[in-house]
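Single-structure report; data block below.
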Amino acid sequence: MTEVTKRTVSEYKNEAKYGIPQGTSESGICRNHCCREEQINMEILRVEHLTKTYGKGQTEVMALNDVSFSVEKGEFLAIIGPSGSGKSTLLHLLGGVDRPTSGKVFLDGLDVYSQDEDRLAIFRRRQVGLIYQFYNLIPVLDVVENITLPVLMDGRKVDKERLEDLLTTLGLQERRGNLPNQLSGGQQQRVSIGRALMNAPGVVLADEPTGNLDSKNSQEIVSLLKLSNQKYGQTMIVITHDESIALQADRIIAVEDGRIVRDERIRG
């Protein structure tokens, strides 16, 4: 089990005592269901003058430098840039994983970093779906258990209808009882996508989701991300260095040296 996974499980256990945020049902799914067309043009995410530095003095590195933009509900956004450009730092700040040096992030009107650490941890689990390059599945849990882990560790009931729908959409019905080591890389990433979508979060953040896959599986994963965006009206932000993947999004933001150098709408 990786260090990241251990922290995740511990976080789930420590947060189970807290209540359910407004706008969610017992299953953690947003009550305000609406189609993608109704969601579009409604702001879900806003970033204001976001800056992140590491170190001090001569060793100080500015990873992000005064970044501002907004994202609409139901939008599929790709953030591209070379290694070291600041795109992964940006994703961590959007997801509440790391605190900015200055600036603000608002998700669905909530000032993310005005929360204390306990509430910030709850926010990460319930409002942000994270998809990692290396899957971060729990080795001893099967497909269904991995997908429903955020719900189960919070002491809530699993929305079985949503679970079955996700298993069908992701092509995992016949693999539902398999452990991660019985799955291909592409199948493991599908499970990771299901876990990210299970709680119907405000936004899904995918960090190089195809970086560990061959070209065939990469295209299948991108197609599933697009399908999830369209079918569930799920706001999706994908970090990638591959512009061919980025071109399948609605919009592309290019980051270089910690700054936005291009913000272009492709479609929609």
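Every read-out reported here was derived from the displayed coordinates using simple, explicitly stated rules and does not represent laboratory data. It should be emphasised that the depicted structure is a prediction, and the values quoted were computed from it without experimental measurement. With ideal geometry, Cβ positions are generated from the backbone for all residues, glycine too; neighbour counts draw on all protein chains shown.
A few remarks follow.
- Within a straight-line Cα-Cα reach of under 20 Å, Lys160 can be paired with the following aspartates and glutamates, leaving aside sequence neighbours fewer than 8 residues apart in one chain: Glu26, Asp142, Glu145, Glu174.
- With neighbours defined as other Cβ atoms within 10 Å of a residue's Cβ, the residues Glu164, Glu60, Glu208 order from fewest to most as Glu60, Glu164, Glu208.
- Once you divide the Cα radius of gyration of segment 76-153 by 2.2 N^0.38 Å, the number left is 1.27.
- FRET efficiency estimate (nearest 0.05) - Cβ-Cβ, Arg265 to Gln219, R0 22 angstrom: 0.45
- Fully extending the segment from Ser83 to Lys56 would add 7.5 nm, taking 0.36 nm per residue of separation and subtracting the current Cα-Cα distance.
- Qualifying trypsin sites (Lys or Arg not before Pro) in segment 214-268, DSSP loop, other Cβ atoms within 10 Å at most 11: Arg267
- Out-of-range pairs (alpha-carbon distance over 22 Å; input Lys104/Lys231; Lys87/Lys231; Lys52/Lys104; Lys87/Lys226): Lys104/Lys231; Lys87/Lys231
- The loop-placed trypsin sites (Lys or Arg not before Pro) in segment 41-128, going by DSSP, that have at most 13 neighbouring Cβ atoms within 10 Å of their Cβ come out as Lys56.
- Shape class of segment 161-246 from the Cα gyration tensor (axes a ≥ b ≥ c, square roots of the eigenvalues): oblate, since a/c reaches 1.5 or more and a/b does not exceed b/c.
- Added length on full extension, which subtracts the Cα-Cα distance from 0.36 nm per residue, Asp111 to Thr168: 17.0 nm
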